[in-house]
1. Be a star and scan segment 101-122 for residues whose amide nitrogen sits under 18 Å from the point 7 Å along the Cα-to-Cβ vector of Glu189.
2. Measuring from the lowest to the highest alpha carbon on each principal axis, how far does segment 58-190 reach, largest first, in angstroms?
3. Sequence-distant or interchain residues sharing an amide H contact under 5 Å with Val79, placed H: which?
4. Can you return the aspartates and glutamates within cross-link range of Lys91? Criterion is Cα-Cα under 17 Å, with same-chain partners fewer than 8 residues away left out.
5. Determine the gain in length on full extension of the stretch Asn131-Thr58; use 0.36 nm per residue of separation and subtract their C-alpha separation, reporting nm with one decimal.
6. Can you give the accessible area of Lys126 in Å² (nearest 10), computed on protein heavy atoms with a 1.4 Å probe?
7. If R₀ is 35 angstrom, what is the calculated FRET efficiency for the pair Asn121 and Asp92, using the beta carbon separation as r and rounding to 0.05?
8. Can you give the Rg and Dmax of segment 132-190 based on its C-alpha atoms, in angstrom?
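The values are calculated or read from the model by the stated rules, or taken from the named source; none is laboratory data. Everything quoted here is computed from the prediction, not taken from an experiment. Here the Cβ positions follow ideal geometry from the backbone for every residue, glycine too, while neighbour counts run over all protein chains shown. For the accessible areas, the whole protein counts, side chains as well, though only heavy atoms, and no ligand, DNA or RNA atoms are used. Shrake-Rupley method; radii C 1.70, N 1.55, O 1.52, S 1.80 Å.
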Amino acid sequence: MKTRMKKVSALVLAAAMAMGTYTSAFAADMTVYLRSIGKDATAPTPELSFTVHNVNSTMSIYKALELAPNTKGMLDTGVTLSTEWSRVTNKDNTEDWYLTYLKASDANAKVEYEAENNGGNTKLYKDSEGNYIGGVYEGNSWMWCMADATSYPEDITLSDQKCKDSNFAIILSYDYSSFKWGDTTGTPEP
């Protein structure tokens, strides 16, 4: 009986150690680079980046940025992060979260970065029944891409994009944009 207990204990210990190694093997760091570009960008443009530690492919980038300010060890000492998000329920009842405000600071480098979306529709078009059918959006808003990408993703939000199991980087960019959406062939509202 004593020999059997030793074998079971050894197996339990080995399993626990293997699970610990498995979990920690997939913890990664996500470096976040902040920038501000475009027409009338009101945010300051200091050089600021920070790292979110202990991310993995079970969490979205949105979730990692949400957890980081309140989870010990996810941000380096001296780094603070505050974000606000807008929730959108899609036609298929899935949810997406869009970054609307970000404030980050690094006390060690004495750098702070803060910007809030300020865009909106500047022209709206209606059909003969009074329903909105199109418009023109203009303003500054938070955009994102992987650091090794050449353009912003069209259909993937921060809440859909999963973190990686190895170290990676993203760019959060406070950009000016202006684009037409829907049907803009008529006369816009005054």
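1. Counting only backbone N, you get 119-122.
2. 58, 34, 28
3. Hits under the 5 Å cutoff: Ala107.
4. Answer for Lys91, where 17 Å is the Cα cut-off: Asp155, Asp160, listed by chain and number.
5. Extra length from Asn131 to Thr58 when fully extended: 22.2 nm.
6. Around 90 Å² of this residue is reachable by solvent.
7. Working: r = 24 Å, r/R0 = 0.69.
Plugging the Cβ-Cβ distance into 1/(1 + (r/R0)^6) gives 0.90.
8. Spelled out, the Cα radius of gyration and Dmax of segment 132-190 are 15.8, 52 Å.
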